[in-house]
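Enquirer: Structure provided below as structure tokens; questions to follow.
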Amino acid sequence: MVGKTFGIYSDELSDCVLFIETGTNYIACWCKNNETKQVKAFELFSFTEPDANDFENLLKDMQLHSRLLAAKFEKAYCIWGYEKCVCIPQEFYSEEIAASYMELMFGILDETNFCKDTTNDCIILALIPTKILSEYSNRYTVSANVHKYYQLLRGQYTNAGENKLYLVFYHSHLIISVFKDGSLQLIQNFSYKVPEDALYYVLNIFNTYNLPANGTTVYASGMIDSASPLCGTLRVYINHFSFESADKNLFAAEGFHDYPLHYFTSFCQRDV
């Protein structure tokens, strides 16, 4: 069964580009004005993993409750939030061994496409489910496919010598990016059920990468409320914890400002 968490809209959605982010149990979609780049609408749907096995009917069901997925847009960009993605230093990457490398990491690759992008000196190589991509391609003019890690890393800035963690929360998982002395060490999905799960991941990363508690800044965004037990637990144990700042001028629809804007930064504030 499909659940709708957000439905935020401007009155005018013309001259916009559609963005669709797809994960194992959610789809987020938003549209930006071609010229101003302001976000005019945002929707977030959740579903169970078994529902995704019949993605054609899942998408049809979602379109019944969606103004964006049921509308016509000149272009659509697909962002893929699945776990099967690796970041490879550019000096070690080779097109000839890419398929073998992914098969070694994730097993037999059946009916799957590759998605490859480069940011700084890092290749982000990901697997895209062919059937789901086909459903989108049948309905929309897909201009690009990128993985969520690529979208995040393009907007996660660090200077030389800085230690930072970025925590991007969804309802049952989070993505953690780790930077030490300004260099990317790790970006990975982690599942969580209780606040202590998320805290364990952060403290374990501090220990594993020898990051000083007083010299590491942790930024959070996504589905985390400032008054929640999750946020309270993280604040108690993390010395430099804050929410990622949002560009208020980017969020044009009035409904965005009924919520903390850090809910939307990891989706709408990133470039593709």
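The values are calculated or read from the model by the stated rules, or taken from the named source; none is laboratory data. Just so we're clear, the structure is a prediction, and the values are computed from it rather than from any experiment. Every residue, glycine among them, receives a Cβ derived from its backbone with ideal geometry; neighbour counts consider all protein chains shown. Ligands, DNA and RNA are excluded from the accessible area calculation, which covers all protein heavy atoms including side chains. Shrake-Rupley method; radii C 1.70, N 1.55, O 1.52, S 1.80 Å.
Enquirer: Any of LYS32/LYS84; LYS37/LYS248; LYS164/LYS193; LYS180/LYS248; LYS4/LYS40 with alpha carbons more than 20 Å apart? Name them for me. Present the calculation step by step, with values, prior to reporting the outcome.
Expert: On the way: LYS32/LYS84 28 Å; LYS37/LYS248 13 Å; LYS164/LYS193 24 Å; LYS180/LYS248 29 Å; LYS4/LYS40 18 Å.
Too far apart for the 20 Å limit: LYS32/LYS84; LYS164/LYS193; LYS180/LYS248.
Enquirer: Given Cα pairs under 8 Å that are at least 6 residues apart, what percent is the relative contact order of region 166-225?
Expert: 40 percent.
Enquirer: In addition: What full-extension length gain, to one decimal in nm, is calculated for THR48 and ALA213 as 0.36 nm per residue of separation minus the Cα-Cα distance?
Expert: 55.7 nm
Enquirer: May I pose another question? When only Cα pairs under 8 Å and 6 or more residues apart are kept, what is the percent relative contact order across the chain?
Expert: Averaging sequence separation for qualifying contacts and normalising by length gives 16 percent for the chain.
Enquirer: Before I look further, what does region 3-94 give for accessible area per residue, probe 1.4 Å, in whole square angstrom?
Expert: Details: 4280 Å² over 92 residues.
Averaged over the residues of region 3-94, the accessible area is 46 Å².
Enquirer: Normalising by the residue count of region 128-256, find the relative contact order in percent from Cα pairs under 8 Å and 6+ residues apart.
Expert: Numbers: 157 pairs, mean separation 25.3, N = 129.
Answer for region 128-256 is 20 percent.
Enquirer: Using Cα centres only, tell me the gap between region 127-163 and region 175-237 in whole Å.
Expert: Computed from Cα coordinates, the inter-centre distance equals 22 Å.
Enquirer: Follow-up. Just the Cα atoms of region 12-154, one point each, no solvent: what log10 I(q)/I(0) does Debye give at q = 0.08, 0.15, 0.16, 0.17 Å⁻¹?
Expert: -0.24, -0.80, -0.90, -0.99
Enquirer: Expressed as a whole percentage, what fraction of the accessible surface of region 137-272 belongs to carbon and sulfur atoms when a 1.4 Å probe is rolled over the protein heavy atoms?
Expert: Of all accessible area on region 137-272, carbon and sulfur atoms account for 45 percent.
Enquirer: Further, regarding this structure: If all Cα-Cα distances of region 1-58 are sorted into 5 Å bins from 0 onward, what percent lands in each bin, rounded to whole numbers?
Expert: In order of increasing distance, the bins hold 4, 18, 26, 18, 14, 12, 6, 1 percent.
Enquirer: What is the spread of the Cα atoms of the chain along each of their three principal axes, largest first, in whole Å?
Expert: Between the extreme Cα coordinates on each principal axis of the chain lie 50, 49, 37 Å.
Enquirer: A follow-up question, please. On each of the three principal axes of the Cα atoms of region 127-206, give max minus min coordinate, whole Å, ordered largest first.
Expert: 45, 33, 16
Enquirer: Right, here's the next one. Which net charge results when you count Lys and Arg as +1 and Asp and Glu as -1 among the other residues whose beta-carbon is under 13 Å from that of GLY215?
Expert: Local net charge: 0.
Enquirer: Would you work out the charge dipole size for region 85-144 about its Cα centre, treating the Cβ of every Lys and Arg as +1 and the Cβ of every Asp and Glu as -1, and quote it to the nearest 20 debye?
Expert: Dipole about the Cα centre, nearest 20: 300 debye.
Enquirer: Go through the chain and flag any cysteine with no other cysteine's C-beta closer than 4.7 Å, please.
Expert: Those would be CYS29, CYS78, CYS85, CYS87, CYS115, CYS122, CYS231, CYS268, since no other cysteine Cβ in the chain comes under 4.7 Å of theirs.
Enquirer: Still on this structure, I have one more. So what J values fall out for region 3-12 if you push phi through Karplus, 6.51 cos²θ - 1.76 cosθ + 1.60 with θ = phi - 60°, rounded to Hz, Gly and Pro as x?
Expert: These are the phi-based 3J(HN,Hα) values: x, 10, 8, 10, x, 10, 9, 8, 5, 10 Hz.
Enquirer: Quick check: pseudo-label points 7 Å beyond the Cα along Cα→Cβ at ASN159 and THR233, how many nm apart are they?
Expert: 3.4 nm
Enquirer: Counting only protein heavy atoms and using a 1.4 Å probe, what share of the accessible area of region 5-100 belongs to carbon plus sulfur, as a whole percent?
Expert: Numbers: 2150 of 4650 Å².
Within region 5-100, the accessible surface is 46 percent carbon and sulfur.
Enquirer: Just to verify a number: FRET efficiency for ASP11 and ALA99, C-beta to C-beta distance, R0 = 35 Å, to 0.05?
Expert: 0.15
Enquirer: Where only protein heavy atoms count, and the probe is 1.4 Å, what is the accessible area per residue for region 138-181 in Å²?
Expert: Roughly 36 Å² per residue, with all protein chains present.
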